[in-house]
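Input: a single structure, listed below in structure tokens.
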Amino acid sequence: MASATGRRHGAVALAVVAAAGMTVPGASADDGVSTGGGVVHLANVPKPEALDGSPNSDLAFTGDYLIGGNYDGFVVYDISEPASPTIVSEVVCPGGQGDVSVSGDLLYFSVDYPRASDECGAPSVPATDPSGFEGLRIFDISDKANPRYVAAVATDCGSHTNTLVPGADGRSDVVYVSSYSPSEAFPNCQPPHDKIGVIEVPHDAPEKAALVSEPVLFPDGGHTSTTGCHDITAYPARGLAAAACLGDGLLLDITDPLRPEVVERVQDENFAFWHSATFTNDARNVVFTDELGSGSAATCNERIGPERGANAVHSLDTSGESPELEFRSYYKLPRHQTDTENCVAHNGSLIPVPGEDYFVQSWYQGGVSVIDLTDPDAPVEVGHFDRGPLDPGQLVTAGSWSAYYYNGHVYSSDMQRGLDVLKLTDPRFEGAESVVLDEFNPQSQPELPNG
């Protein structure tokens with residue numbers, strides 16, 4: 001089994017490309033763009049050359065900076081002028097997935113493809129190699145132009161995603177690691193993989209980060225398709241988390257961040273792959289997503305229909321002895337896409353209009369959808385940003401991986417075309433600009449002002 005250790009990295013092969021003040025033009029970025037509902041496309045920054053060979057993944061935000069994950073590393077952007085983002089640095093450190101979370105000067109980076117060691121320059125190895133490394137990398141980003149690799153923690157089956165939860169003592173972070181797809185042939189990823197990893201990271205000594213527990217979420221077995229979890233969204237202020245675990249949707253009590261406990265579980269015959277989740281600000285509703293076709297299939301069409309590859313809105317009732325989730329409705333992208341556009345529900349966040357429930361969400365080549373969740377029985381699209389297919393002649397995996405609202409703008413991580421910046425000009429979203437965050441990890445929801 002893979003062991004978890006905190007390691008010092010005094011001389012790690014870490015390729016950092018400093019690019020202070022560099023703006024990368026995107027002259028062809030608007031080809032085939034369609035917008036609606038007052039959505040304005042302000043900027044596109046193509047992927048930098050050092051990371052152009054791999055897809056972009058998730059985003060995290062700190063102050064005037066955005067961290068963009070990539071399967072081969074990450075990019076630090078200066079977004080102090082949202083209409084003109086600049087690349088501050090690029091870190092080449094391959095490992096697959098590249099899910100990111102940020103906490104002060106620390107960056108957590110998911111590694112889901114085995115490497116020969118935890119060094120940044122280590123070559124890939126097969127999952128059958130017992131000495132292969134997968135798990136969580138930790139970087140010090142206090143100097144945005146020169147991120148520094150400080151620790152690595154190995155976890156069973158690697159880290160497909162990671163979720164930040166503030167430690168109860170205020171002096172550490174807790175990171176939940178989700179992963180899946182075990183095999184008897186994989187020495188570091190043995191079935192049944194019915195657990196998550198819990199890593200504790202001391203703020204003043206991140207090199208001592210360590211795996212502290214592996215809570216079993218399915219002691220009696222989950223859905224037949226459940227072999228771990230894909231993603232967890234925490235709502236620390238409410239002591240809750242929602243876990244999307246392939247065949248199951250879970251509600252967790254995280255009052256003690258080191259000991260998450262399952263308090264509710266739901267399944268859905270229309271869901272192929274429980275992928276992610278988002279709470280409404282009042283925690284009265286939870287939006288789960290179904291990644292039908294693993295994100296690489298064309299599922300936003302009349303043939304697939306409106307109830308598969310969709311969002312499922314559940315109401316959350318906490319009035320009884322145990323919380324309960326009740327299904328309310330599906331939301332599927334209303335704009336049919338072509339057969340050469342992979343499209344399915346993916347990552348999004350709330351638009352922080354006080355007292356309202358608006359949501360912005362990526363749909364791969366379906367683009368970005370702005371959704372009104374006010375009526376959980378009838379969510380509706382009120383705005384969008386959409387490009388034409390990357391390749392009209394064949395299905396190529398591309399499009400918006402994540403779309404998140406942060407301090408007045410929407411930032412979209414396009415797997416192939418780079419970073420997009422959008423502005424919402426519809427008057428209904430004006431109140432959102434009053435909400436200014438110092439830091440934002442979409443999988444660790446902050447409690448927003450109610451207005």
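The values are calculated or read from the model by the stated rules, or taken from the named source; none is laboratory data. Not measured: the values here are computed from a predicted model. Note that each Cβ is placed from the backbone with ideal geometry, even for glycine, and that neighbours are counted across all protein chains shown. With ligands, DNA and RNA removed, areas are computed over all heavy atoms of the protein, side chains included. Shrake-Rupley method; radii C 1.70, N 1.55, O 1.52, S 1.80 Å.
Here are a few things to note about the model shown:
- Only a single criterion out of (1) in contact with a Leu (Cβ under 8 Å, 6 or more places away or on another chain); (2) buried (at least 20 other Cβ atoms within 10 Å of the Cβ); (3) over 22 Å from residue 55 (Cβ atoms) is not satisfied by residue 424, namely (1).
- Strands (runs of 3 or more DSSP E) enclosed by the stretch 382-451 - at least 2 residues per element that are at pLDDT below 95 and under 21 Å from residue 141 (Cβ atoms): none
- Considering the conditions (1) buried (at least 18 other Cβ atoms within 10 Å of the Cβ); (2) over 26 Å from residue 186 (Cβ atoms); (3) touching a residue at least 60 places away in the same chain (Cβ under 8 Å), residue 258 is excluded by exactly one of them, (1).
- Any hit, the stretch 36-43, residues being closer than 23 Å to residue 93 by Cβ and of a type outside the set (Phe, Trp, Tyr): no
- Any hit, the stretch 97-115, residues being at pLDDT below 95 and either crowded, with 21+ Cβ neighbours inside 10 Å or in contact with a strand residue (DSSP E or B) (Cβ under 8 Å, 6 or more places away or on another chain) (or both): yes
- Note on the stretch 64-93: residues that are in contact with a Ser or Thr (Cβ under 9 Å, 6 or more places away or on another chain) and open to solvent by 30 Å² or more (accessible area, probe 1.4 Å) amount to 7.
- The set of residues in the stretch 340-371 that are touching a strand residue (DSSP E or B) at 6+ places or on another chain (Cβ under 7 Å) and among the small types (Gly, Ala, Ser) comprises 345, 348, 349, 362, 366, 367, 369.
- All strands (runs of 3 or more DSSP E) inside the stretch 214-317 with 2 or more residues being within 21 Å of the chain's Cα centre (by Cα): 231-235, 240-245, 248-253, 274-279, 285-290, 311-317
Conditions tested, residue by residue: (1) at pLDDT 95 or above; (2) part of a loop (DSSP other than H, G, I, E, B); (3) not aliphatic (A, V, I, L, M).
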site: 24; (1), (2), (3): no, yes, no
site: 40; (1), (2), (3): yes, no, no
site: 53; (1), (2), (3): yes, yes, yes
site: 67; (1), (2), (3): yes, no, no
site: 81; (1), (2), (3): yes, yes, yes
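- Annotation note: of 328, 308, 303, the sole residue that is touching a helix residue (DSSP H, G or I) at 6+ places or on another chain (Cβ under 8 Å) and either of a type in the set (D, E, K, R) or open to solvent by 10 Å² or more (accessible area, probe 1.4 Å) (or both) is 308.
- Near pairs, Cβ below 8 angstrom, 6+ apart or cross-chain, from the stretch 417-438 (touching a residue at least 40 places away in the same chain (Cβ under 8 Å) and more than 15 Å from residue 81 (Cα to Cα)) to any residue that is outside any strand (DSSP E or B) and open to solvent by 90 Å² or more (accessible area, probe 1.4 Å): 431/451
- In this entry, residue 396 passes the filter for residues that are surrounded by fewer than 24 Cβ atoms within 10 Å (Cβ to Cβ), within 18 Å of residue 55 (Cα to Cα) and β-branched (Val, Ile, Thr).
- Residue that is farthest from residue 98 (Cα to Cα), among those in the stretch 146-168 that are of a type in the set (Gly, Ala, Ser) and assigned to a loop (DSSP other than H, G, I, E, B): 168
- The residues on offer are 377, 426, 420, 391, and the sole one that is under 22 Å from the mean Cα position of the chain (by Cα) and among the acidic types (Asp, Glu) is 420.
- Just one of the listed residues (119, 134) is open to solvent by 10 Å² or more (accessible area, probe 1.4 Å) and in a strand (DSSP E or B), and it is 134.
- In the set 372, 391, 414, only one residue is among the charged types (D, E, K, R), buried (at least 16 other Cβ atoms within 10 Å of the Cβ) and under 27 Å from residue 50 (Cα atoms); that residue is 414.
- Within the stretch 284-300, the set of residues being closer than 16 Å to residue 235 by Cα and open to solvent by 20 Å² or more (accessible area, probe 1.4 Å) comprises just one member, 284.
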